[in-house]
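Values quoted throughout were computed directly from the atomic coordinates according to the rules given, and no laboratory measurement underlies them. Source: prediction; values computed, not measured. Every residue, glycine among them, receives a Cβ derived from its backbone with ideal geometry; neighbour counts consider all protein chains shown.
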Amino acid sequence: MPASYSKSLEKFEKELGYSFKDRALLLEALTHRSFHHENPDKAPSYNERLEFLGDSVLGLVVVEHLFKSAERYSESTMAKIKSYLVKESILSDVASMLSLGKYLRLGKGEEETGGREKKSLLCDAIEAVFGAIYLDGGYDTARETILRLFEDKINAAISSGEFYDFKTELQEESQMRFGTLPEYRVVSQEGEAHKKVFTVDVFIAGKKFGRGRGRSKKEAQTLAAKEALEGL
């Protein structure tokens, strides 16, 4: 391993808040299959097995944390929150927060097509890193690291209710009660192009049931559906 890359890994470990006893595990977690195929002498393995392990570790940590919460969440609520927190967009955000893309070992093709910023690659790599931490330091260490990185996202998801699929719930409720689907109408768009705020009303059988405001139409629709469900 080049000395410069070794130094880079030290920097990543500081961002991560964990120093590996066996750095080969971290190296494997950051190695994409494209690099392995092009450089089998430098990378005898790649991160897909660690990703599979890390996915399970992450899921257990999140569910255990929710299970032990004073709120005593139901099984279905825990499932919804977990599903929200382990989706690609959340994981890639955590990876970006750590600047993980800078440390990936990629093949030329992936490098040339912007692999360091691809959400799917970042998502896979952060899960692989969690798997590597679990093998290197044990479950308690992995749990501590994951919760430190995810604490704000867990709290935000719970307080905002973003984990809940209000639109699907309203659709099912609307069909059952009224035999029709909700209709979302954009009432207004305010602000500059990159800072727009959308206001959306939701109607069922011609009657308005809710209004939502958000930075995207989707967010505004979700909040309108939430208000409609509370009214129903």
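Some notes on this structure:
- Taking residues in the stretch 209-227 that are in contact (Cβ under 8 Å) with a residue 12 or more places away in the chain and under 13 Å from R185 (Cα atoms), and partners anywhere that are assigned to a strand (DSSP E or B) and charged (D, E, K, R), the pairs with Cβ atoms closer than 6 Å and at least 6 places apart or on different chains are R211/D201; A220/R213; A224/R211.
- Restricted to the stretch 11-34, and to residues there that are among the aliphatic types (A, V, I, L, M) and touching a residue at least 60 places away in the same chain (Cβ under 8 Å), the residue that is farthest from L100 (Cα to Cα) is L25.
- Taking the criterion of being without any contact (Cβ under 8 Å) to a residue 24 or more places away in the chain and among the hydrophobic types (A, V, I, L, M, F, W, C), the residues of the stretch 70-104 that qualify are A70, M78, A79.
- For the stretch 1-42, filtered to residues that are more than 13 Å from F130 (Cα to Cα), of a type in the set (S, T, Y) and touching a helix residue (DSSP H, G or I) at 6+ places or on another chain (Cβ under 9 Å), the residue that is surrounded by the fewest Cβ atoms within 10 Å (Cβ to Cβ) is S6.
- Test result for I204, of a type outside the set (F, W, Y) and within 28 Å of G59 (Cα to Cα): no
- Criterion (among the polar types (S, T, N, Q), surrounded by fewer than 22 Cβ atoms within 10 Å (Cβ to Cβ), under 15 Å from Y46 (Cβ atoms) and out of contact with any strand residue (DSSP E or B) (no Cβ under 9 Å at 6 or more places or on another chain)) met by exactly one of S96, S89, S120: S120
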